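The values are calculated or read from the model by the stated rules, or taken from the named source; none is laboratory data. Please read all numbers here as calculations on a predicted model, not as lab measurements. Counting neighbours? That spans all protein chains shown, and the Cβs are built from the backbone with ideal geometry, glycine included.
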Amino acid sequence: MDHMSNHRNASPQPSKSGLGDMFTPKLITVMREGYGWSQLRADVIAGLTVAIVALPLSMAIAIGSGAKPEHGLIAAVIGGAFVSALGGSRFQIGGPAGAFIVLVASIIATYGYQGFLAATIMAGLLLLLVGYLQLGIYIKYIPYPVTIGFTAGIGIIIFAAEIRDFFGLTLAAEPGPLIPKIVALWNVAGTVNWTAAGVGALCLTTILILRRFAPRFPGLLAAVTLGATLTWGLDLPIETIGAKFGGIPSSLPIPGLPDINLATLLDLIPVAIALAFLGGMESLLSAVVADGMTGRRHRSNCELVAQGWANIASALFGGLCVTGTIARTATNIRANAHGPVAGILHAAFLLAFMVFAAPLANWIPLTALAAVLAVVAWNMVERHAIAAVLRGDRAEAAVLVATFTITVLRDLTEGIAVGVVMGAVLFMHRMAQMVEVTTNMPTPLLTPDLPDEAGERSPYAGADSHDIIVYRITGPFFFGAASQVASIIEQIEKAPRAYVLDLSAVPLADETGAQALLGFVKKARKAGARVYFAGASRKVTRRLLRAGLGREQATYVRSVADARRRLDRADNKQTTSQT
């Protein structure tokens, strides 16, 4: 059985209790299991494979973000090493990601690169806070239509941003928003550099052919190498990394804090939150994908802590922001990595490239890197997933379309915010629809003849139905359903001798629901009717008691039958006293 099969069949390791294990890096877990030459050999091969994929991607993402190519390499080296060494996933590969391109480009354009580095450090601190407070699980509560909507939107924006470099267009200042960008590019369409366009088309074709017929071959690196070889060998008149950026340094810079003032730091708080949110969500999504491929289980909060330290370290060295990258993580798994050492070695191989082969990068044409990002952008548009959502529920389709549209035409953070709010409203609406009220009262709006616990006809249905009215509430009784339930249980014109509210099927109640019941109880008691709460769980009972529904307001009983017995005993006592 091959190594990949072992990954798939491996059962998740049981987690130990306690905070210590929650924040224990997977690197330590792997070492405790035993680590020998065979495991190291597997990690060396996997690390080299991932480094070959990450090399062109890191530079392309940096250039697409409005930064220098070495900023992407630094992020992959420093951030990648921290993510693998401290992370809560065995196979996570950290580095710059395409999902950040739009956001990073806007931050750099507004605050400069020093401002972006400060925002990245602040985002890292936020990720540390979220991780150590064990809030990692909440980041994953993003509706699926929102995720694929803003990811597709980013893909469209990235694709549009690469048109200039792919065709070698001459454009002094490229607008940020999509529509003005397209208009500006169209206006300079006559400046196409056909040599650059030809090299870009050749690189793109190479990637697609290798992906189709040799998927394990490093197509991205092969295409970039081909473009650089042609540019150098034929001395082609196209823009290269060396011509635009002066090449790539052969060593890491000295770490230091960004040069920024306090006023700018305060302005950077919203974008730092956006970086932290997007980074945390992307990294946990990547970790979940890795779990699905291997049968392992990642530690969410430990992973967020690692992402926090990785972003801080990357920014101190001048690198881009870092997150878990799905494509590189999947490559790592397919290359039969054993554990986090493969990610550390991937960073080491990238550093070796910077030290020994940096001069070769001078000849890499920008059109080749544009071809790489065009493929990345195409992969970000999950066409089958989008089609499935659009064919399904209309409300979810509306969430997807709104998120996509606002991301493309306005801003990434606005698109996510609108999508999340719409998704939350949709969720609350559906939860409210799940709440049902049944009763023994035969009214047009209600379901008559409430069954009792044994599935038989309710003991309150029949001649004495108007004397004792039973309501059974089923579902979460929260603010979205409170008004609906209140309007139903308050529609009886003549008050009965007693109301019995069966809450045994209510899993939770919030303050609004409790206040709705409090208002009903007050009206019932004012009309001279008793109120019984039957079968309420401890959680629901505590909520009602805190809202003011004490024992003097209503009687808490175990079941509807128990309420009837109490009423019968009260009747017997009253009859005896009258006799």
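Scanning the range 227-242 for residues that are part of a loop (DSSP other than H, G, I, E, B) and loosely packed, with under 15 Cβ neighbours inside 10 Å yields Asp235, Pro237. In this structure, does Asp235 turn out to be without any contact (Cβ under 8 Å) to a residue 40 or more places away in the chain and among the acidic types (Asp, Glu)? Taking the combined requirement at face value, the residue satisfies it.
Here is a check on your reading of the model: is Ala123 surrounded by fewer than 22 Cβ atoms within 10 Å (Cβ to Cβ), in a helix (DSSP H, G or I), modelled with pLDDT of 90 or more and not aromatic (Phe, Trp, Tyr)? The answer is no for Ala123. For the range 158-173, state whether one or more residues are buried (at least 16 other Cβ atoms within 10 Å of the Cβ) and at positive phi. Taking every residue of the range 158-173 in turn, at least one turns out to be buried (at least 16 other Cβ atoms within 10 Å of the Cβ) and at positive phi. Counting only helices (runs of 4 or more DSSP H) that sit wholly inside the range 243-348, those with at least 2 residues that are out of contact with any Phe, Trp or Tyr (no Cβ under 8 Å at 6 or more places or on another chain) and of a type in the set (Val, Ile, Thr) are 269-294, 326-334.
I'd like the full set of residues that are assigned to a loop (DSSP other than H, G, I, E, B) and at pLDDT below 80, limited to the range 403-450. Within the range 403-450, Asp411, Asn440, Met441, Pro442, Thr443, Pro444, Leu445, Leu446, Pro448, Asp449, Leu450 qualify.
Is it the case that Arg334 is in contact with a strand residue (DSSP E or B) (Cβ under 7 Å, 6 or more places away or on another chain), touching a residue at least 12 places away in the same chain (Cβ under 8 Å) and among the basic types (Lys, Arg)? So Arg334 does not fit the description; no. The set of residues from the range 531-551 being basic (Lys, Arg) and surrounded by fewer than 19 Cβ atoms within 10 Å (Cβ to Cβ) comprises Arg538, Lys539, Arg542, Arg546, Arg551.
Contact annotation: residue pairs with Cβ atoms under 7 Å, 6 or more positions apart or on different chains, pairing a residue in the range 506-526 that is farther than 13 Å from Lys539 by Cα with a partner that is aromatic (Phe, Trp, Tyr), are Thr512/Phe478; Thr512/Phe479; Gly513/Phe477; Gly513/Phe478; Gly513/Phe479; Ala524/Tyr499. Restricting Pro96, Pro143 to residues that are out of contact with any Asp or Glu (no Cβ under 6 Å at 6 or more places or on another chain) and over 22 Å from Trp309 (Cα atoms) narrows the list to Pro143.
Close Cβ contacts (under 8 Å, 6 or more residues apart or on different chains) running from residues in the range 91-110 that are under 21 Å from Ile344 (Cα atoms) to residues that are of a type in the set (Ser, Thr, Tyr) and surrounded by fewer than 24 Cβ atoms within 10 Å (Cβ to Cβ) comprise Phe91/Thr294; Ile93/Thr331.
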